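Every number here is computed from the coordinates shown, using simple stated rules; none is lab data. Remember, it's a predicted structure, so these values are computed and weren't measured experimentally. Cβ coordinates were reconstructed from backbone atoms using ideal geometry, including for glycine residues, and neighbour counts include every protein chain displayed.
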Amino acid sequence: MYIFDLDGTITDTNGVWQNVDLEFLARRNLPHTPEYQRMVERSIAPIAARFTKEYYHLPESPEDIMAEWDRLAERHYRELAPLKPGAEAFLRQCAAQGRPMALFTACRPAMCRAALDRFHLTGLFRPIVFAEELGLEKRDPRCFLRLSELLDVPPEHCTLFDDSPDNCATAVKAGMSAAGVYDAYYEARQEELKSVCSWYVRSFEELLQEYSQL
C-alpha cells in the first residue's frame, strides 16, 4: 500500500499554513516565535488551536481560531496552490498499474478535499484518512499503527511518501517504509530526511520511469 501525505508532498502548500499563522498573529500584533512554529507545524488543527489559545492567552475559543485559519487558507486550496512537479502523473501512473493508494494528511478535511477535487484526484485514493479525525498527530507513532488498522494492511506492507522528516521517522518506528519527498519548507533538514527513509526524491518526476523498482 502506498500512503501519500498532502501538504508539501502532493500539493505545494506548506507555505500556505505558515502564511496563515503569520497573518493570524499580525492581526493581533503578536510575535511569531520559533517555539510557536515548532509546536504548531505539522500538528493537527485542534491541538494547534488549543496551543495557540494558551500560548498567546487569546480570548477566542479553539473552534473560532480554527474557523479563522480556514477562512485564510480556503482560497489557496480551492484556486491557487499548485501540485508538486510530477505528482499527478506519478499518482495516475500508479493507479493505472493497479497499485493501492491511500492519502493520510494532517490538513483540514475541507481544504484537502477542495484541493483534490480541483485536480480530479479524489478517486485515486481509497481511502482518504485525516489525522484530525483520528485525534492523533502524525508525529505520534500510534497514528500510523491506527492507520494500518484502518487500512487493514500490516505496517510492513505500507510505504509512506512524505516531505516531513518527523513524519517519516515516526512511520518507520511504526514498522512502515518511508520515501522522502523534497520540499523547500524542510530545506535545512534534507540530510535528516534521507537518513530515515529507504528512498528519497527531489521530485516525483524522478519516479515516473523507475517507480516499479520501489
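Which translational diffusion coefficient, to the nearest whole µm²/s, is obtained for the chain from the Stokes-Einstein equation, given a Kirkwood hydrodynamic radius over C-alpha pairs, 25 °C and 0.890 mPa s?
D, rounded to a whole number, is 140 µm²/s.
Give, in nm to one decimal, the length gained when the segment between H120 and Q37 is fully stretched (0.36 nm per residue of separation minus the Cα-Cα distance).
Working it through step by step, the gained length comes to 26.7 nm.
Please give the peptides 105-113, 134-142, 30-38 ranked by average Cβ packing (other Cβ atoms within 10 Å per residue), highest first, as a rough proxy for protection.
Ranking, from highest mean packing down: 105-113, 134-142, 30-38.
How large is Rg/Rh for segment 14-80, to two decimals, with Cα atoms and a Kirkwood Rh? Write out the running numbers ahead of the final one.
Values: Rg = 11.2 Å, Rh = 12.1 Å.
A ratio of 0.93.
Report the residue, chosen from R42, R202, R27, that carries the largest GNM mean-square fluctuation when the chain is represented by alpha-carbon nodes joined by springs under 10 Å.
The residue with the greatest mean-square fluctuation here is R27.
Under a plain spin-label model, where a point goes 7 Å from the Cα along Cα-to-Cβ, how far apart in nm are R99 and L58?
Using points 7 Å along Cα→Cβ, the separation is 3.9 nm.
Positive end of the charge dipole of the chain (Lys, Arg +1 and Asp, Glu -1 on Cβ, about the Cα centre): tell me which of L208, L136, H157 has its Cα farthest that way.
H157
Any idea what the relative contact order of the chain is, in percent, if you count C-alpha pairs under 8 Å spaced at least 6 apart?
25
Are there any helices in the chain, counted as whole DSSP H runs, that stretch 20 Å or more along their axis by Cα and score at least -1.0 on average by Kyte-Doolittle, and if so which?
none
Just add up the charged neighbours of L58: K/R +1, D/E -1, any other residue whose Cβ is under 10 Å from the Cβ of L58.
-1
So how do 184-190, 119-125 stack up, highest first, on mean other-Cβ count within 10 Å?
Order by mean packing, descending: 119-125, 184-190.
Quick check: net charge around R42, other residues with Cβ under 9 Å of its Cβ, Lys/Arg +1 and Asp/Glu -1?
-2
Which three numbers, in whole Å and largest first, are the semi-axes of the equivalent ellipsoid of segment 106-214 derived from its Cα gyration tensor as √(5λ)?
21, 18, 15
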